[in-house]
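FYI, it's all coordinate maths here, none of it is from the lab. Just so it is clear, the structure is predicted and the values come from calculations on it, not from any experiment. For neighbour counting, all protein chains shown are included, and Cβ atoms are generated from backbone atoms with ideal geometry for every residue, glycine included.
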Ligand SMILES: [Ca+2]
Ligand SMILES: [Ca+2]
Ligand SMILES: [Ca+2]
């Protein structure tokens, strides 16, 4: 792995921040024979990838000069070459474990003003996603698949085990065999692109936390998800230390699309712009898979300083900022009058973590699955709604809270108003 200060040789946005990357992503023009050429393949380690939107290779264990990259880019059989960026989960604050979790602590679902403050102050009642009223209209559906693309999911967690998507051919299949022929061996609950195996267990907790926000069971234990009924697909590309590569994100989005996910929830960011990842998100959207992204936790303006994947120019992406229990922008949250679409609860959010536990975490990482879950309620209630219409319904039904409206295109998400087809 090496650090890169972006240079002009890689015709990407100029940014003085050093970013880590590991090798390169190469997109070949249609019909290119380069991958069969020995001299070309000897540049470094090759992993060939035939994706739905083109032929790619990951080129690793190479240390190319800018001149060498320029030469590759000017090769008539190559469409582009870009760094394979290192991607990380948004930084999160973790409080100590809550031993006796209760729904009453989940202010993001129902904020009574007492459950949403700090030790010295109260929150503001009603600053939540209006879940209880929404549940009178829809609690979700087992027909809706939401893929959590993250550090994996603790799919044995008592509050999640009944909510998992399962690939039944693999569940009832033979170990070591790709029973459904989808190209992945033993992918029962999803896939692990960090370790390239069929077991997306979460050794970190970040992905499990996001999964619980979307769809923790409404039962007698622990917490409740925004959706009582959902199928959660666990797609891991971030390791147990919380980092991964662009190529893993690309494979994850492609997997979600190919296996029928309606929504991908993406609480991660970092690295520079990747054309290949943008194409993956666009291809998924074209196939009916919606992409929900975290705005980021750098306190910065995404309109002025783009962050990815939140800022890709794909019209169906929904970018989410985080708010606190008073209905204000969380101090860490990125914002953007045009590029951050909505806000949702993201400070001190109680949800599921690995090994069957529960913890509070903060970040736009937590706000993002709130919105994935809210959109899941809409898809359950109105099957067949288009991605663009779903995004419009979400944005047009927000509460125009004055302290959030200046930081986003819309305002605070309100699941009831959205389901009830109310518009501003
Ligand atoms: Ca399989
Ligand atoms: Ca199998
Ligand atoms: Ca529960």
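Relative contact order of the chain, taken over Cα pairs closer than 8 Å and 6 or more residues apart, is 18 percent.
First check a/c for segment 300-386, with a ≥ b ≥ c the square roots of the eigenvalues of its C-alpha gyration tensor; if it is under 1.5, answer rounded, and if not, answer prolate when a/b is larger than b/c or oblate otherwise. Cα axes put segment 300-386 in the oblate bin. Against the main long axis of the alpha-carbon atoms of the chain, helix 246-258 sits at an angle near 70°. Most simply put, the chain has about 55% antiparallel DSSP beta bridges, counting only bridges with both residues inside it.
Provide 67, 58, 27, 161 in ascending order of the number of other Cβ atoms located within 10 Å of each residue's Cβ, fewest first.
Ascending number of Cβ neighbours within 10 Å: 67, 161, 27, 58.
The mean sequence distance of close C-alpha pairs (under 8 Å, at least 6 residues apart), as a share of the length of segment 182-325, puts its relative contact order at 17 percent.
In degrees between 0 and 90, to the nearest 10, how far off the longest principal axis of the chain does helix 206-215 point, with axes built from Cα atoms? Here the helix axis deviates by roughly 50 degrees.
Put in line by how crowded their Cβ is, counting other Cβ atoms within 10 Å and starting with the fewest, 291, 53 read 53, 291. Using a cutoff of 8 angstrom between alpha carbon atoms and counting only pairs six or more residues apart, the relative contact order for segment 270-412 works out to 25 percent.
Helix 364-381 axis versus longest C-alpha principal axis of the chain: approximately 80°, rounded to the nearest ten.
Among 272, 132, which comes first, second and so on when ranked by fewest other beta-carbon atoms within 10 Å?
Arranged by neighbour count, lowest to highest, 272, 132 become 132, 272.
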